[in-house]
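These notes are about the structure you will find just below.
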Amino acid sequence: MKRFKTLFIGLILLFILLYWWTHRWSYIVIHHSAGEYGNIEFLQKVHRERQSRDLIDAIPYHYIIGNGKGLGVGVVKSDWRKSWHIWGMHVSRHNKDRNFRGLGICLIGNFENHGVSDMQYRALVKLTKELMQRYNIPIENISGHGYTKKEQTKCPGKHFPMERFLKDLSI
């Protein structure tokens, strides 16, 4: 009987841990790829080159949204980092919690050079709203990479409409 009780308690604790692991998301961080071409395979290759010490052979983001060059305009894709709820590698070491409990969304394109297309933008708003609802993430926890404290980057680019984006999320 004692063995059964120990096994039962262990299973309950495992269930609680698994539930927490898949529901721990508290932030969403928006990025741009800073390049005009991109898909899962290409971003995996770039990630391996730039962050060769990362043991996770996946894109650093949980989702990417295509611009029509490598991935269809507004098409949302993810690899096994999202399916297994693995932490991201999309912000610096100064924000480990944003990597561990933050979902990274990367728009393919360089928004330092031009604005985001309407289809890509609409796909971003739709995905972000879905994630906010699914994981109960408040709008205060949505940011662009460069808008996140302690981050020193221009990402998601000067032409990304951050104010409009936050406003559209609250509609």
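Brief remarks follow.
- The HN-Hα couplings worked out from phi for segment 101-113 by the Karplus form 6.51 cos²θ - 1.76 cosθ + 1.60 (θ = phi - 60°) are 10, x, 7, x, 10, 10, 8, 6, x, 10, 8, 7, 9 Hz, whole numbers, x standing for Gly and Pro.
- Take the Cβ atoms of Arg164 and Val46, set R0 to 30 Å, and the FRET efficiency comes out at 0.60.
- Inter-centroid distance (Cα atoms) of segment 81-115 relative to segment 128-142, Å: 15
- Relative contact order of segment 79-171: 30 percent, from C-alpha pairs under 8 Å at least 6 residues apart in sequence.
- Peptide ranges 97-105, 59-67, 73-81 listed from the most packed, as the mean C-beta count within 10 angstrom indicates: 59-67, 97-105, 73-81
- Residue-normalised accessible area of the chain, expressed per residue, 1.4 Å probe, Å²: 60
- Relative contact order (%) - criterion: Cα under 8 Å, at least six apart; region: segment 19-136: 36
- Figure legend: label point modelled 7 angstrom from the Cα of Asn113 along Cα→Cβ; residues of segment 33-51 with amide N under 19 Å from it are 33-40, 42-43, 46-47.
- Remark: spin-label model distance Lys129-Arg53 equals 4.2 nm, labels positioned 7 Å along the Cα→Cβ axis.
- Answer label, with volume of the Cα convex hull per residue in Å³ calculated from the coordinates and candidates [x] 239; [y] 130; [z] 213: [y]
The values are calculated or read from the model by the stated rules, or taken from the named source; none is laboratory data. No experiment lies behind these values; they were computed from the predicted model shown. Reconstructed Cβ throughout: ideal geometry from the backbone, glycine too, with neighbour counts over all protein chains shown. Surface areas here come from the heavy atoms of the whole protein model, side chains and all, with no ligands, DNA or RNA. Shrake-Rupley method; radii C 1.70, N 1.55, O 1.52, S 1.80 Å.
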